[in-house]
Amino acid sequence: MKTSIVTSVETAAFRAACEHRQALSVEVGGLDWNERFPGWLQRYESYYRTAFANQSAALLICERGEGFVASCIASIQDEFRRAVSGKGIGYVNGMYVKPAFRKQHVGTALVAAAKEWLHERGCSIVRLHPSCGANAFYRRLGFVPIEELEYHASS
């Protein structure tokens, strides 16, 4: 298995990850992003084009002989904390492993690579929002639940 880091949206690997991101949203939540969030792909690419240029995010992919099998995004999210304390918070987003490759340590390798990438950039805390049924997997990797509150402004 080969794990690599992609830092450009102008690659086949980034395109493949976008396709698999869409597959994940359908699989996990029955949500078709193309219908629910028209134009999402352009905004996604725009965001990551800037984040890759600023080196505040990276796409991590796992490939086997068959090609692309998994991906996730590592991103630095808490610039204020990092600027003030020197310790940032990173996030692992969009984790997706093709069903045929689950329970083969692909996700474990991908999360380890994401944590390493974030740690190298000053993140001492790594967070994620697990999909349904993934809590036990992430707990085995050392993640612990935290309390967070969220506010939704009315449109």
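The values are calculated or read from the model by the stated rules, or taken from the named source; none is laboratory data. Just so it is clear, the structure is predicted and the values come from calculations on it, not from any experiment. Cβ atoms come from the backbone with ideal geometry, glycine included; neighbour counts cover every protein chain shown.
Within the set of pairs 6 or more residues apart or between chains, which connect a residue that is under 24 Å from R81 (Cα atoms) and touching a residue at least 12 places away in the same chain (Cβ under 8 Å) inside segment 124-139 to a residue that is among the basic types (K, R) and exposed (fewer than 15 other Cβ atoms within 10 Å of the Cβ) with Cβ atoms less than 9 Å apart?
If the second residue must be among the basic types (K, R) and exposed (fewer than 15 other Cβ atoms within 10 Å of the Cβ), the pairs left are S124/K87; I125/K87.
Just one of the numbered conditions (1) among the charged types (D, E, K, R); (2) touching a helix residue (DSSP H, G or I) at 6+ places or on another chain (Cβ under 8 Å); (3) within 22 Å of L31 (Cβ to Cβ) is not true of R64; which one?
Only one criterion in (1) among the charged types (D, E, K, R); (2) touching a helix residue (DSSP H, G or I) at 6+ places or on another chain (Cβ under 8 Å); (3) within 22 Å of L31 (Cβ to Cβ) is unmet by R64, namely (3).
Yes or no: S124 in a strand (DSSP E or B), farther than 24 Å from A17 by Cα and not aliphatic (A, V, I, L, M)? Give the derivation first.
Numbers: in a strand (DSSP E or B): yes; farther than 24 Å from A17 by Cα: yes; not aliphatic (A, V, I, L, M): yes.
Yes, satisfied.
For G107, indicate whether it is out of contact with any His (no Cβ under 8 Å at 6 or more places or on another chain), touching a residue at least 24 places away in the same chain (Cβ under 8 Å), within 26 Å of T50 (Cβ to Cβ) and not polar (S, T, N, Q).
Spelling it out, it is not the case that G107 is out of contact with any His (no Cβ under 8 Å at 6 or more places or on another chain), touching a residue at least 24 places away in the same chain (Cβ under 8 Å), within 26 Å of T50 (Cβ to Cβ) and not polar (S, T, N, Q).
Determine which single condition E35 fails, assuming it passes every other condition in (1) assigned to a helix (DSSP H, G or I); (2) of a type outside the set (S, T, Y); (3) over 18 Å from A70 (Cα atoms); (4) at pLDDT below 75.
(4)
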